[in-house]
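Each reported figure results from applying straightforward, stated rules to the coordinates on display, with no laboratory input. Fair warning: this is a prediction, and the values are worked out from it, not measured in the lab. All Cβ positions, glycine included, derive from the backbone under ideal geometry; neighbour counts span all protein chains shown.
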Amino acid sequence: MMKMTDNTGFRAASVERRRNLDAGAIERLVSAFVLVVVVAIIAFGWQHRNDMPIDPEHGWGYALGIIGGVLMLVLLAYPLRKRARTRSRAIGSVGLWFRMHMLLGLAGPLAILYHCRFSWGALNSAVALGAMIIVASSGLIGRFFYSRVHRGYSGRKLEMRQLKGEMDTVLTDLQGLGLSHEAIMQQLQPFETQAVAAGGSFWSSAAAVISMGVKTRLAERQLRTLMPPTSATDGETGKLLAYYFHAVRRAAEFAFYDRLLRLWHLFHLPLFFLMIAAVILHIVAVHMY
């Protein structure tokens, strides 16, 4: 017999999940659009690098160097904002500053690339440009890690108990739709247990990212074939199953990427200050010789 429950709570939870998924989809779409624009600007500049009417020492070429340098310096505002908890209302949210940090981290290098006309130049110029490229690349890597341990750009970090709570809620909702058969639930519960246990060590979480990605997709496909015909064709049931396995994969990924993000922080900031030192040496060398 199918288990009958009040669907009011289920509908509210389902709406909330859709909002979260829609917000995540919008953020991914915007990020993809920005990335395409940046790649197009770089490709255009590279293609016209030899006939580019820009002089790094005069006019717009010189101005682009100053603009790019200033934008890279402004990047320090984000880590400073994260530590200014008591004045959050006066200076904007962490999520807003993170968005600005990402945009400036792309706009600054673009200005520098056009300033130098996509060429290495003298030794001091090559060192400064190389340092900037390394820092910008490091920032993109950090952005990927950040997306795996935070809820979008809000600055709110995920927690394992939140991810487990999402899985438990989905299991309850599935039971509310009639999927209370022990054979099916026994196949779902072990994934939750494995996902939570994956955070025990770095290597176990790294292995879980790969294995859980494959196992959950195979299990979802198998469960759809085991469900009764009326449930298998139900749209909400399919969405709940997909959301449950998505939550399982997120939980398995969380501990792994959280450790990687912490490790990344140890290297990124020193690299940034080395870049600043290289840029200062470049500016001094240009104006003295």
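The label point for Val38 and the one for Phe144, both projected 7 Å from the Cα toward the Cβ, are 1.3 nm apart. Ordered by the count of other Cβ atoms within 10 Å of each Cβ, fewest first, Asp173, Asp168, Asp258, Asp51 give Asp51, Asp168, Asp258, Asp173.
Simple spin-label estimate for Trp203 and Arg262 gives 1.8 nm between the two label positions (7 Å along the Cα-to-Cβ direction from each Cα).
Residues of the stretch 104-145 with the amide nitrogen closer than 14 Å to a label point 7 Å from the Cα of Leu80, along Cα-to-Cβ, please. Counting only backbone N, you get no residues. Residues whose amide H falls under 5 Å from that of His150, counting only those 5 or more places apart or on a different chain, are Leu158, with hydrogens built in the peptide plane.
Judged by the mean number of other Cβ atoms found within 10 Å, the most tightly packed of the peptides 241-251, 207-217 leads the ranking 241-251, 207-217. Rounded to the nearest 0.05, what FRET efficiency do Thr172 and Gln47 have when you use their Cβ-Cβ distance and R0 = 51 Å? The formula returns an efficiency of 0.35 here.
On the basis of the beta-carbon distance and an R0 of 41 Å, Gln189 and Arg28 show a calculated FRET efficiency of 0.85. A simple spin-label model places the labels of His287 and Asp55 1.9 nm from each other, with each point 7 Å out along Cα-to-Cβ.
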